[in-house]
1. Mind jotting down a quarter of the surface of the convex hull over the alpha carbons of the range 126-280, in square nanometres, one decimal?
2. Looking only at the range 121-152, which residues have a backbone nitrogen under 19 Å from a spot 7 Å from the Cα of ARG263 in the C-beta direction?
3. Just from its helices, what would the mean residue ellipticity at 222 nm be for the chain, if runs of 4 or more DSSP H residues each count -39500 (n - 2.57) and the sum is divided by every residue, rounded to the nearest 500 deg cm²/dmol?
4. Please list, ordered by chain and number, the residues whose modelled amide H lies under 5 Å from the amide H of ALA196; skip anything fewer than 5 residues away on the same chain.
5. Determine which lysines satisfy two conditions relative to LYS259: a Cα distance under 23 Å, and not lying fewer than 8 residues away in the same chain.
6. Rank LEU32, LEU129, LEU242 by mean-square fluctuation in a GNM of the chain with C-alpha springs under 10 angstrom and give only the top-ranked residue.
7. Any idea what diffusion coefficient the range 3-100 gets from Stokes-Einstein, in µm²/s, Kirkwood Rh on alpha carbon pairs, 4 °C, 1.567 mPa s?
8. With a Förster radius of 35 Å, plug the Cβ-Cβ distance of ASP56 and SER228 into 1/(1 + (r/R0)^6) and report the FRET value to the nearest 0.05.
Amino acid sequence: MESNKIQAMTETFEGHAQQTEGGVEYWLARDLQVLLGYTEWRNFMKAIEKAETACDVSGHQVSNHFVDVNKMVELGSGSQREIDDVMLTRYACYLIAQNGDPRKPEIAFAQTYFAIQTRRAEIIEQRLLEVERVSARKKLSETEKELSSVIFEQTGGNQNFALIRSKGDQALFGKSTQAMKAQWRVPDTRPLADFAPTIILKAKDFATEITIHNAREHQMRSEPQISSEHITNNQAVRDTLLSRGIRPEALPPAEDVKKVERRMSSDEKKALKSPDKLENL
């Protein structure tokens with residue numbers, strides 16, 4: 001396919017994209033029918049039905065990607081008639097294209113176009129999740145440093161911090177820090193938190209913030225007092241997670257957060273050096 005034709009088709013597909021008030025991109029099925037070279041609406045509806053089945057089988061909620069709507073169209077006589085239409089997300093369009101005949105230039109283009117666009121969205125989503133986790137890990141580190149300072153100021157010894165933190169882990173996981181390290185295969189020299197999923201990082205951070213607040217508020221002067229407070233707070237957070245069907249010790253470990261940070265840093269440097277490569281994602 002010639003480059004100028006590809007450019008024209010790209011602009012045509014992008015020109016038919018619309019957005020909901022919430023900013024979700026979508027295409028109308030009546031427009032996509034024409035873009036994909038279908039002359040009969042009933043034949044195109046068969047392709048939509050196949051795509052809905054594929055969506056369901058893949059584990060996605062069909063109603064999140066295929067939304068039935070009605071719209072008014074002008075007739076030759078000047079009157080209007082209501083017709084059926086379907087709002088389609090980018091993913092829905094991709095599934096419809098996948099059920100088409102790739103020998104047709106319109107279908108071959110659409111399969112590639114929506115696959116790339118969907119992949120871009122997946123990459124962005126994954127990066128945002130990684131940013132969230134790295135941010136949560138940094139926040140927990142800052143909160144634990146603050147707790148360490150509070151312990152030193154109010155008990156006169158930093159050596160109690162590791163003990164208090166380990167008691168918090170026992171309350172949160174129902175297992176010791178060492179037991180969780182063994183389960184998650186965390187090296188002895190690395191903190192357990194570097195391999196914890198985001199929800200656990202935030203849970204530990206919340207419990208630690210409460211401990212800091214109450215240790216200061218009630219002027220706790222001994223390790224047993226602060227330990228008891230930290231155990232209570234982690235147990236409360238654990239109970240909340242359990243009530244929502246989340247068992248902390250049953251969660252799988254996340255990727256080493258240091259590796260995630262290095263990859264993010266490397267990708268940013270590459271993007272700055274070769275911004276045009278983003279076109280090839």
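What follows draws every value from the coordinates through simple rules; no lab data is involved. Note that this is a predicted model, so its numbers are computed, not measured. Here the Cβ positions follow ideal geometry from the backbone for every residue, glycine too, while neighbour counts run over all protein chains shown.
1. So the mean shadow area of the Cα hull is 10.9 nm².
2. In the range 121-152, the label zone of ARG263 (backbone N under 19 Å from the point 7 Å along Cα→Cβ) covers 121-138.
3. -21500 deg cm²/dmol
4. ALA254
5. Within the straight-line cut-off, LYS259 pairs with LYS138, LYS139, LYS145, LYS181, LYS202, LYS204, LYS269, LYS270, LYS273, LYS277.
6. LEU242
7. After rounding, the answer is 90 µm²/s.
8. 0.10
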